[in-house]
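Notes for the one structure printed next.
The values are calculated or read from the model by the stated rules, or taken from the named source; none is laboratory data. Keep in mind that what you see is a predicted model, and the values were worked out from it rather than measured. Neighbour counts are summed over all protein chains in view; Cβ atoms, including those assigned to glycine, are modelled from backbone coordinates with ideal geometry.
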Amino acid sequence: MSAMVGAATWYVPPDDAWQYERQGVAIGAPIWGLSQARNMALEDAFEQGLPCVQLDDDLKTAKFAYRGKGQATDPSLALAVLVERTVESDFMLGGGQPTNNPFFARGGTRLFILGSAICVKPNPLRFDTNLRLKEDYDYTCQHIQRYGGALRIESLIFDFAHYTNKGGAVDDRSEKLEEKMIEYLLEKWPGWIHRHSTRAHEVSLRVPKIERTVLS
């Protein structure tokens, strides 16, 4: 990861910190919990007046997508585009595609932003620490509700080794926990979060249409 993206600060559980320290990389204060770690990264960046780029630690490749095709690129270049596009936008949250298939790439401002590769400009919104999984669905909803949208960049695809690597959220994942988190999201975001129509233990985001009243 360091070879792909350069110097970064790692936010890891206390039990794992020594493994990162012996590799000579910078780590934030060790902390338990995925959402808690995400929030600490936000705080550290925002205190310096900087946007916060958060990237999962199992990145495989980065691509630029165009007309259903993908061209591999240097991940650091893809991240630079992520930051530039987000900073230039009217929104506080930006991200790439939630798929590694360029054919399904879709940009927009009222779509789910996968937390695996995001850029967040300084703002007061934080990840919900009640969520041990699917926290990025809630964070996307928060941003759309407060700022009118979040930026999904159609041209950016980051491919991760999710569900196949060991450690972190993968070890924490179970059907029981997935269902608990889904129930929490359904209760918190009625009409926004729905059970996925074809995939068990998954959800989808459908932002309600803005209702306009015509005054006569």
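Of the residues that make up region 69-79, is at least one in contact with a Lys or Arg (Cβ under 8 Å, 6 or more places away or on another chain) and under 29 Å from W18 (Cα atoms)?
Looking through region 69-79, none of the residues is in contact with a Lys or Arg (Cβ under 8 Å, 6 or more places away or on another chain) and under 29 Å from W18 (Cα atoms).
Those residues that are surrounded by 18 or more Cβ atoms within 10 Å (Cβ to Cβ) and either over 14 Å from the mean Cα position of the chain (by Cα) or aliphatic (A, V, I, L, M) (or both), I need them from region 52-63; list them, please.
V53, L55, L59, A62, K63
Among the listed residues G149, G70, which satisfies the condition of being closer than 26 Å to H196 by Cα, small (G, A, S) and not in a helix (DSSP H, G or I)?
Step by step, each of G149, G70 is checked, and only G149 is closer than 26 Å to H196 by Cα, small (G, A, S) and not in a helix (DSSP H, G or I).
When only residues in region 127-146 that are among the charged types (D, E, K, R) and assigned to a loop (DSSP other than H, G, I, E, B) count, which is nearest to the chain's Cα centre (by Cα)?
If we take residues in region 127-146 being among the charged types (D, E, K, R) and assigned to a loop (DSSP other than H, G, I, E, B), then K134 is nearest to the chain's Cα centre (by Cα).
If you check S76 against the conditions, is it more than 20 Å from H162 (Cβ to Cβ) and part of a helix (DSSP H, G or I)?
Criteria met by S76.
In region 107-145, how many are farther than 18 Å from M40 by Cβ, without any contact (Cβ under 8 Å) to a residue 24 or more places away in the chain and not aliphatic (A, V, I, L, M)?
Of the residues in region 107-145, 1 are farther than 18 Å from M40 by Cβ, without any contact (Cβ under 8 Å) to a residue 24 or more places away in the chain and not aliphatic (A, V, I, L, M).
Consider E88 carefully, then state whether it is modelled with pLDDT of 95 or more, surrounded by 15 or more Cβ atoms within 10 Å (Cβ to Cβ) and either over 21 Å from V203 (Cα atoms) or not β-branched (V, I, T) (or both).
Considered against the rule, which asks whether it is modelled with pLDDT of 95 or more, surrounded by 15 or more Cβ atoms within 10 Å (Cβ to Cβ) and either over 21 Å from V203 (Cα atoms) or not β-branched (V, I, T) (or both), E88 comes out as no.
Of all the residues that make up region 36-73, how many are of a type in the set (G, A, S) and within 18 Å of C119 (Cβ to Cβ)?
6
Looking only at region 18-67, count every residue that is free of Cβ contacts under 8 Å to residues at least 60 places away in the same chain and assigned to a loop (DSSP other than H, G, I, E, B) and tell me the total.
Number satisfying all stated conditions: 11.
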